[in-house]
Structures are given as structure tokens and as C-alpha cells.
Amino acid sequence: MALFFATGFSHTARSQESVSTDIGDIDKDKAARVFPKKRAYSPYADRDFPTRPFFGDTHLHTAFSMDAGAFGAKLGPRDAYRFARGEQITASMGEPVKLSRPLDFLVVADHSDNMGFFPDLFAGKPEILANPTGKKWYDMLKSGNGAQAAIEIIVAFSHGTFPKEIMYFPGTTAYRGAWQVTIAAAEAYNEPQRFTAFIGYEWTSNTNGNNLHRNVIFRDNGDKASQVEPFTVYPPYGSDNPVELWKWMAAYEAKTGGRVLAIAHNGNLSSGLMFPTVEEFGKKISKEYVETRAKWERLYETSQTKGAGESHPYLSPNDEFADFEIWDKGNLDGSIPKTKEMLEFEYARSALKNGLKLEKEFGTNPYKFGLVSSSDAHTGLSAMEEENFFGKTTPQEPSPERISATFVDNKQTGVKIMDWEVSAAGYAAVWAKENTRASLWDAMQRKETYSTSGPRMTVRFFGGWDFEAKDAQNRLPAEIGYSKGVPMGGDLIDPPEGKVPTFLVAALKDPIGANLDRYQIVKGWLDKDGNAQEKVYDVAWSGDRKPDANTGKLPPVGDTVDLKTATWTNSIGSPELITVWKDPDFDPSQRAFYYGRVIEIPTPRWTAYDAVRFGVTPLPGTKMTLQERAITSPIWYNPS
């Protein structure tokens, strides 16, 4: 502090300009010795930015979730953490299972409503058996009629006829016990610098079958998380309105000094309610609403077992990669069929575009979110690799039957989803400095994340005003990226005179995965009339392909998949892609966002592995290959 209270420039005859302070004089020679210009020989010395992505799952259910338990899951939170850390365990259906590589972090996000009920029912807890309905369900489980019991339980819960005497409400001993078990499991398996076990839960708003689910993730340890109980939906203690969840989050932080964030998912099953622009729950969208949502919902889960949510072919007809693992038949239980009018308010890209409009109106963008993917598996197994996919629920664990089984069949509406449509996705990638709760959570909060459909490819995305072509020739793009620009999740503000946004992009293939087809940048913006627009640019690609002169489209990379053996070769594509791209259509007066999308070469889908391993014939229309991908959080351009 004293240095800043300098006494003025010295007028003595010296070779260097100097400053006198109350702790002595300093001149350029002295300063140079303290702040040497010469860099260390090691290019890695003194780095202070994230140098590797950490891969994990922010959305895994165990037997503590009522629906998972009803579907036969036996694995609890501790099993889930053991598996994610790389241990081999036995799945609920009896198969041994292990990940190809350990994950770096995991959030066990069991449903908050009725958390822990099913393990206690299986165990014959006296308080449950004292209730006639509880006793009946227990007897059904023990007499081989577990499937019928599960259906009765789910129907009772969803129709409000679940016996309140045995309901695990917040405030009850049973509920608090389940929450403490959840916390204790995370504390036991959290190992800073090696594996992060987050404390979390899912708040499952599902009125009329419309999915408005959020996962709540704590930055904190058990000492703070145990001071509260999760917010629920079921009345009288809970609410299905996200606004009430945000109030609970604010109350938690005020009470404990801790931090939480919420991640929404599956807008594709919300009947057009996930990303409203006019009203929500009967109230007009207000300045308070957009500010509160922007505060608590910093990320969106864009891909998981119940479909991908980046964009839709109807919304993005010029995007040939938009038709990827799409679920667009109805809401969560198929009770409301999908209409085209719903789509705009369900997918991430259209939400990002509408967010620009709302920001123009209210001064805050409620949909300025980063992107992750996760599993939403209800098996206790975060096994999201195509060749090692253990399904969404326990009945969907590997078997000869699952490829032709039915997942949802609503007889009233005709909405039907087959098991083969369930997606083996995905994981969250987080650019954090270290593998700890605090560092990973902080990276999520600043949106330095990307989603992957399963592969662990390494993806960089930097935006700035001064990136040059030669920057892409450096083997340390992050060094340049952080010094000349902002990473994914960041903002660009007013450009220097005559400048346009430039982006330094780089991607490395998953070390044991497929080569890369291309790196794309997706841009969305508001035109001069206030209408939202979008465009997809191919900015780096493998091979010597040339874009079509008329359409500008890059030819397909090719396909080496052999469905008879469920194999492919890396004889096409590239192990890495890197370039600098300048926006050729930039208008400094127009709000915009940019995000990166990296596409792999075609590889076998999980259905192809099942067909070969079980010797079964897929149903007509079953998708057997896919082009896996990673999608970065956006960088926004905000003119002042």
C-alpha cells in the first residue's frame, strides 16, 4: 500500500527515471529485477489457467430415487461413486461393469421427492409395514410381484394418492435420514485432487407430465449442506414453480454462506415451457424473473439419455447436424403430443437466441447459460460409452431384448418411444484449475464448460479481437487464448475501431476414441429488425475437402463403420483440429453469441454393439451409427 503513496518523481541526476516512496526509491533497473521480462525456459512455469478438462456426470440417480428404485435399481450413492472412481461393480441386473477410464467427478442427483423411500421399502422398515398400503407393496415385492408393486407406487405418487403416512416429506425423520446418507456418501468418496464427489439432488417439477426438472449442486461440504433439506415439489412442503426453487436456493446461501447452482434439463419434454418468453406459471415475464433465472441457472444440460437438446431440424433446417438423438414426440409421459409451436421454447439454441431479445427488453439475458451433458441414468451407473452403455433404467441394462423393447407407450395419445431411441449420453467437461469441489463448481459458475455426447475429446474455444492465423500454429493455444481473449462462457464487449471478432479454436480427439470430422462455429444474433438469426460455419476440417461452391456445405467425411462387426477405423478424419476464424458477417451494432461444435467421424451406436454381441436383429428404423460431438458454452458479444 505504501508504494502507492509515492512522494513524487526524483529530480536527482540519474540514468533512469525513479520514484521516491516512504520505503525508498525505485527506478526501472530495480523494477526490472523484480519483474523480469525474460520468460522462464519452461513454457509451463507460472501458468495460472485451467490446463485440462475434467470429465464427469452432474446427473446420476441411484436406488434412492423413487422411480429408480421402483424400476429395480439396487445400487445406492456409495456404489455410484465407487463405479465412477473406476472400480468394477455388479449392476442391479447382475452384470459385472466397469468404466474404460475413471471419471473425475460425479453428482448423485436423486429426486428430492420421497428420497430414500424404496431402499427402506425393500428392507421392510417397520414404519412402512405399519401402513396397510405399505405392507401390501412390501408383500408384493417379496412374492415376486415387484413389477406390479412398482407400477402401483408410481401411479399413486403421480396421482396424489400416495399414503401421506409413509410419504418421505422434508422434516420427517425418514427424509432427513435419507439426505444425511446421501451427504455421507459424497463426503466419504470425495478425494480432493483425485475425485470430486459433489453433494446434490434433483428437483423434479413434472406437473401434467411437463418436464421442468433442475439439478441442484452444492459447492460446499456436508457441514453446510446438512443444515438444510432439499426442496421438493409435492405439496404442502414443495412447489412445481422454479421461482420457488430459486427462493430456496437464496435461503440456503443466506443461512449457511454456501453456494448452489441449478442445471435445467430436457426442455424437449416440457411442452414448450422450459424457456418461456412471454409468461411462466400464469405470470408475465418480468425484469425480476430474468434477473433471478440468470443468477441461479448458469448451465443447461443439453444432451442426456432422454434426447439431445441443442437444436432441432425444424428450427435449424440448414444445419445438417441438427438431427441428432432427437426426442420430439411428446412430453415426459407422452400425455401431450408434440407440436411444432412448442419447439422454439424447448431447445438450447433457440433459447440462446430468444435470450438476446429478452436482454434487449429487460437489460438481462435469462438464457445466458453454458452447456454440459450428463447421463440422467437411473441405474447408479454413469456408463455412457456406446460400447459400454448400461441403459437409462435397470430394465434397460444390457440384454438381447432391450433393442426392441418399448420405453414409453401412451395409449391415449399414441406417443410411443422405443428403447433403441434412448441415447448413450453424455458427460460434462469442465475447465478447472484442479479437481476439487470449489474449483470445479467455480468453473461451472463461470460457464467454462462443454458438453460431450460421450467421448472425452479436448476442446478449446477462445474469442477476442486480435487472434491471428499464426496463433493456430502454436502448440500451446491456451497460453495465447487466455492472454489475447476470453474462454468459453465469456463476453466480448465493444470492439476496437475496425475490428471483428476472432476465435481461436482447437480440438483433440478422445485418446481412445474416433478421429474428428470438423470444428464448427454456431452464431446467433439479432438483426437490424430485432429478429433472431443463426448460421453454422465450418471453420476447420479433416482432409482436403472443399466446400461446395453453391451451397457452401462441406462434403461428408465418409464412413468406415462395419455394422457386421460393430467396428470402425480411424483411416479418415483427423486426430486434431486447430484454426483461427474471423466472423465475416459481423455488425458491431448487433448482439450475438458464438459457440463451438466438434463433430467426430461416424462410429457404431450402442444399438450396433448390441446387435453384434447378442446376435439380434434391430427393428426397422433403428439408428445404428452416429457422429458423436462436443458443444462448447457460448461466448457472447454485447455492444454497450
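What to note about this one:
- Take the Cα of residue 288, go 7 Å toward its beta carbon, and the backbone nitrogen atoms of the stretch 238-259 under 16 Å from that spot belong to 241-251.
- Point-to-point label distance, residue 143-residue 499, nm (Cα→Cβ direction, 7 Å offset): 7.5 nm
- Taking the DSSP beta bridges with both ends in the chain, the antiparallel portion is around 80 percent.
- Pairs of Cα atoms nearer than 8 Å and 6+ residues apart set the relative contact order; for the stretch 313-360 it is 25 percent.
- Under 5 Å between amide hydrogens, built in the peptide plane, is the criterion, and for residue 540 it picks out 519 among residues at least 5 positions away or on other chains.
- FRET efficiency, 1/(1 + (r/R0)^6) with R0 41 Å, evaluated for residue 491 and residue 416 via beta carbons: 0.40
- Taking Cα centre as origin and charging only the Cβ of basic (Lys, Arg, +1) and acidic (Asp, Glu, -1) residues, the dipole magnitude of the chain rounds to 720 debye.
- Packing-based ranking, highest mean first, of 374-386, 46-58, 266-278, 214-226 given that Cβ atoms within 10 Å are counted: 374-386, 266-278, 214-226, 46-58
- The slack between residue 136 and residue 406, meaning 0.36 nm per residue of separation minus the straight C-alpha distance, is 94.4 nm.
- Computed over neighbours whose Cβ is under 14 Å from that of residue 166, the net charge equals -1, Lys and Arg +1, Asp and Glu -1.
- Relative contact order computed over the chain (Cα-Cα under 8 Å; 6+ residues apart), in percent: 13 percent
- Descending by average beta-carbon neighbour count within 10 Å, the peptides 521-528, 418-425 line up as 418-425, 521-528, the highest first.
- Converting the Cα gyration tensor eigenvalues of the chain into ellipsoid dimensions via √(5λ) gives semi-axes, longest first, of 43, 31, 25 Å.
- Spherically averaged projected area of the stretch 554-640 from its Cα convex hull (nm²): 8.6 nm²
- Ratio Rg/Rh, restricted to the stretch 441-516 and using Cα atoms, in which Rh is the Kirkwood radius: 1.01
- Listed residues 248, 313, 271: farthest to the positive end of the dipole of the chain (Cβ charges): 248
- For peptides 60-70, 249-259, sequence by mean Cβ density within 10 Å, most packed first: 60-70, 249-259
- Listed values for the stretch 94-109 are Karplus-derived 3J(HN,Hα) couplings in whole Hz (6.51 cos²θ - 1.76 cosθ + 1.60, θ = phi - 60°), namely x, 7, x, 8, 8, 6, 5, 9, x, 7, 8, 7, 8, 10, 7, 10, and x replaces Gly and Pro.
- Rounded to the nearest whole Hz, the Karplus-based 3J(HN,Hα) values (6.51 cos²θ - 1.76 cosθ + 1.60, θ = phi - 60°) of the stretch 532-544 follow the sequence 7, 10, 8, 7, 10, 10, 7, 10, 8, 8, 7, x, 10, with x at glycine and proline.
- Straight-distance crosslink candidates among lysines, where the alpha carbon sits under 20 Å from residue 30 and sequence neighbours closer than 8 are dropped: 38
- For the stretch 269-289 versus the stretch 85-154, the gap between their alpha-carbon centres in whole angstrom: 35 Å
- Within the same chain, aspartates and glutamates fewer than 8 places from residue 247 are excluded, and of the rest, those with a Cα less than 15 Å from its Cα are 229, 288, 291, 297.
- Taken per residue, the accessible surface of the chain reaches 41 Å², heavy atoms only and a 1.4 Å probe.
- The stretch 482-640, relative contact order [Cα under 8 Å, separation at least 6], %: 33 percent
- Solvent-accessible area, 1.4 Å probe, carbon plus sulfur percent, for the stretch 472-526: 57 percent
- Placing a pseudo-label 7 Å from each Cα along the Cα-to-Cβ vector at residue 399 and residue 553 gives an inter-label distance of 4.1 nm.
- Cα-Cα over 28 Å, subset of 392/433; 287/523; 447/535: 392/433
- Anchor residue 136: lysines whose Cα lies under 22 Å away (excluding residues fewer than 8 positions away in-chain): 74, 125, 164
- Here's the picture: charge each Lys and Arg Cβ at +1 and each Asp and Glu Cβ at -1 in the stretch 339-392, and of 364, 377, 391 the one pushed furthest to the positive end of that dipole is 364.
- Hz values of 3J(HN,Hα) by residue in the stretch 142-154 - Karplus curve (6.51, -1.76, 1.60), Gly and Pro given as x: 7, 9, x, 10, x, 5, 5, 4, 4, 5, 4, 5, 5
- Calculated mean residue ellipticity, 222 nm, the chain: -6500 deg cm²/dmol, from DSSP H runs (n ≥ 4) at -39500 (n - 2.57) each, averaged per residue and rounded to 500.
The values are calculated or read from the model by the stated rules, or taken from the named source; none is laboratory data. Worth saying up front: this structure is predicted, and the values here are computed from it rather than measured. No Cβ is skipped: glycine too gets one built from the backbone with ideal geometry, and neighbour counts run over all protein chains shown. Surface accessibility is based on the protein's heavy atoms, side chains included, excluding ligands, DNA and RNA. Shrake-Rupley method; radii C 1.70, N 1.55, O 1.52, S 1.80 Å.
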